[in-house]
Structures are given as C-alpha cells and as structure tokens.
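The values are calculated or read from the model by the stated rules, or taken from the named source; none is laboratory data. All of these numbers come straight from a predicted model, not from anything done at the bench. Cβ placement follows ideal geometry from the backbone for every residue including glycine, while neighbour counts extend to all protein chains displayed.
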Amino acid sequence: MALSAGCDHTCVVAEGGHLHCFGSIYSGQCDVPPGLGSVVTVSAGCHHSSAVCANGHLTCFGSNMAAQLEVPANLGSVVAVSSGCLHTCVVKPSGQLVCFGDNSMDQCSIPDGSGSMLAVSAGCDHTCAMTSSGHLVCFGSNGYGQCDVPEDLGPTLAVSAGSNHTCALRADGQLVCFGSNLDSQCNVPPNLGPVTAVSAGFDHTCLLTSEGRLVCFGDNSAGQCEVPSDLHFAVAVSAGRAHTCALTSDGRLVCFGENDVGQCKVPAELTQRGHPSCCGECAGTAWHVGRDKTVAHLEFADHTHTMSSVLGTASRSLCMCGFQRLVSVTASSQPCRVRTRPHLRPGMCVLYPLHST
C-alpha cells in the first residue's frame, strides 16, 4: 500500500493496485479515472493527483489551471512522480527528470548538468531531486532558503519538499531540514536515533524512526502533529497541508489532523490489508543500507527468496524512494518491492510482488 496526503485530499494505492482518493472533490482530484488499471505509486498535490500505472504510464487528474495535468506527449514510461501545488515532476527509467505545469518560480526549470535522478519531490513552488550519487538538487522559489542545500549535507537517501521548507535524510540516518522555520518545522527533535523516512507537509514535518515510531513537529493548529497513542510500528507516512496519514505494519491506514472535507476519513474498504508474501522469480539489483548505514549493493537471483535469504543478517533498513520505505528492483521476469517492517528482527524483510511490466 502506498499513500500520499495532498492539501485537502488523500490518495492510497491498495492491494491489487487499486487507487482510492478521498477528501476534497472540488477540483476533481479524487475522481480516479475509470479503467485506470493497476497503479504502483501515487502523489497527491494541492488540487490534483498523479498516478503511475504498472506499465509506467502516467495519469494526472484534478485541477489543470497551470497545465499540471498536461503530460508531455513523448514522455514515455516513468518510475517516480511527485505533485506540487501547481506543477508535476517525474523521473524516467533513464534517470531523466521532467517537470511541467506552473513555472512562475522556475520550479520546472531543471538546472543544466543535474545528471541522472533517482527521486524527486515537488513542493509548493520549489522542487528537489536526488541524483544517482545521492546528492541533492533544489530549484524554484527560494524566499525562505528552501533551495539552499547545506554544503555539508553529503549523500542522501530521501528528500521531501514542503511548502517553504525541505527535509533530507542523510546516509547516516540523520534528518536535516532547511528553509522556513516559522512553525518550527525544521527543528528536528533530538535523540531520535536513525530516521528511516520523512515527509514534509505545508508547515509541519513527520518522520519514521528505525523502530517504527512516528514523530511529527511544526504547525499543529489542526492536530496534524498529534500522533495517536495507539499508532505503533508505522512503515510509511505522508504529511499534507494540515493532516497526516500513516500506514502501520499490521496494515492499518491512520489519518489525523484537519478533516473538514473528509481527508482523514479512511474508507471502509481500506481499513483492512492483506499480509505481505514473498515473491518468486525476482531478479535485479538494489541499494541496501546496513545497520551501520553502510551502503552495499545487492544482487537478486532468479529464484524464490525467503525473508532472511535476501538480506541475511546485515541490516534493518533499506534505501528509500520518495516518501515510501521502498526499493524498486529491476527484474528480468517480475519486478518486486522490498520493505522492512520494524517489528521484525534486524536483517529481516518482506517482498511484495508487483504486476509485471
């Protein structure tokens, strides 16, 4: 299950690749196109949503006031997408970054020589992308320093662009946030231990620790930082404008914060989730981060893998892509996703089968 919290709506990819969006319907951002097919990832913007299907096809729906839905005719397949306030950015299999929509603040003007990209995050009026070497590139609006990447940041594993701030997860598990701090959204709490995922909302920030603990800080005017006491072992999080959604290891989708248009009202069909299973005939490569946060390269053979045989006892967490604690594995026969579950013993993980491409 993948999830994304937008301004006033939430989108979720459930088992089987079914896309569900709920919350504000004012601009059609929750009107999932009929016959969309199996979806592998989704990104909810302010008033539009973007989904990548199993065949790599990008579909955008909702408000098109700045041409943020107008997918370039020759785009081809994509592997990652991020919806901003009025723009959309994608990463192609080749690593090429493409952005379209509002460019009034140069949020779609990709700097020359940026190189191959692994991930992208579109904020309100700025964009940040992570290169294949883990370096961070940010461009667009910089009125609050949200594009001023710290010189000593070093290689990163994940990035999330909020309204006027940016957060990056370093290879050593440390979270660094920069830009607007008017609501303390850049004041990372001390003594967190290794951070495994981050999501920057409008004026608040949420993260996951290596133990599966969800921590939110910054603007709490709508309760978007008040993590429910019964929320344990979170495996994914997404921060919206004034609400937050998290997925727990037992399959629960929990949303809290502003709910004036139903953006936190989880549909009944999403309250339960099947258990993950190991997938067979997986092949390809992935980047793996050990307990000591040392990056290592993994090779997958063409046979069924058990939870322990994929990663052995080397580690507890994996490299993240976007907001999700996932690693895409380029497979010769069947693509797979690898996700760690905090309640498992160190070094154990589960494989989630995806649809063939």
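Quick one: how many residues across region 190-231 are farther than 26 Å from Cys85 by Cα and among the β-branched types (Val, Ile, Thr)?
Going through region 190-231 one residue at a time, the tally reaches 2.
Within region 36-55, restricting attention to residues that are modelled with pLDDT of 95 or more and small (Gly, Ala, Ser), which residue is farthest from Ala122 (Cα to Cα)?
Filtering first and then ranking leaves Ser38.
Give the residue that is farthest from the chain's Cα centre (by Cα), with candidates limited to residues of region 33-49 that are more than 26 Å from Ala222 (Cα to Cα) and surrounded by 18 or more Cβ atoms within 10 Å (Cβ to Cβ).
That would be Val39.
Can you tell which of Asp260, Asp230 is modelled with pLDDT under 95 and more than 17 Å from the chain's Cα centre (by Cα)?
Of the residues listed, the single one that is modelled with pLDDT under 95 and more than 17 Å from the chain's Cα centre (by Cα) is Asp230.
Of everything in region 82-113, what is in a loop (DSSP other than H, G, I, E, B) and within 17 Å of Ala67 (Cβ to Cβ)? Give them in sequence order.
Gly84, Cys85, Leu86, Asp102, Asn103, Ser104, Met105, Asp106, Gln107, Cys108, Ser109, Ile110
Here's the yes/no breakdown for (1) closer than 16 Å to Ala239 by Cα; (2) at pLDDT below 95; (3) surrounded by 23 or more Cβ atoms within 10 Å (Cβ to Cβ):
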| site | (1), (2), (3) |
| --- | --- |
| Ser163 | yes, no, yes |
| Gln174 | no, no, no |
| Gln185 | yes, no, yes |
| Val188 | yes, no, no |
| Thr196 | yes, no, yes |
| Thr209 | yes, no, no |
| Val215 | yes, no, no |
| Gly218 | yes, no, yes |
| Gln224 | yes, no, yes |
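Tell me which of these Ala236 doesn't satisfy, since it passes every other one: (1) assigned to a loop (DSSP other than H, G, I, E, B); (2) over 25 Å from Asp152 (Cα atoms).
(1)
Given the structure, is Asn181 in the same structural domain as Ser141 (by TED's automatic domain parsing), surrounded by fewer than 24 Cβ atoms within 10 Å (Cβ to Cβ) and more than 19 Å from Gly123 (Cα to Cα)?
no
State which residue pairs qualify: first residue on the phi > 0 side of the Ramachandran plot and inside region 187-198, second residue not in a loop (DSSP other than H, G, I, E, B) in any location, beta carbons under 6 Å apart, and separation of 6 or more residues or different chains.
So the pair list comes out as Gly193/Thr209.
Tell me whether region 102-120 contains one or more residues that are of a type outside the set (A, V, I, L, M, F, W, C), under 17 Å from Val78 (Cα atoms) and touching a residue at least 12 places away in the same chain (Cβ under 8 Å).
Residues of region 102-120 that are of a type outside the set (A, V, I, L, M, F, W, C), as a first pass: 102-104, 106-107, 109, 111-116.
Filter once more, so that each one left must be under 17 Å from Val78 (Cα atoms): 115-116.
Checking which are touching a residue at least 12 places away in the same chain (Cβ under 8 Å) leaves us with 115-116.
Checking region 102-120: at least one residue is of a type outside the set (A, V, I, L, M, F, W, C), under 17 Å from Val78 (Cα atoms) and touching a residue at least 12 places away in the same chain (Cβ under 8 Å).
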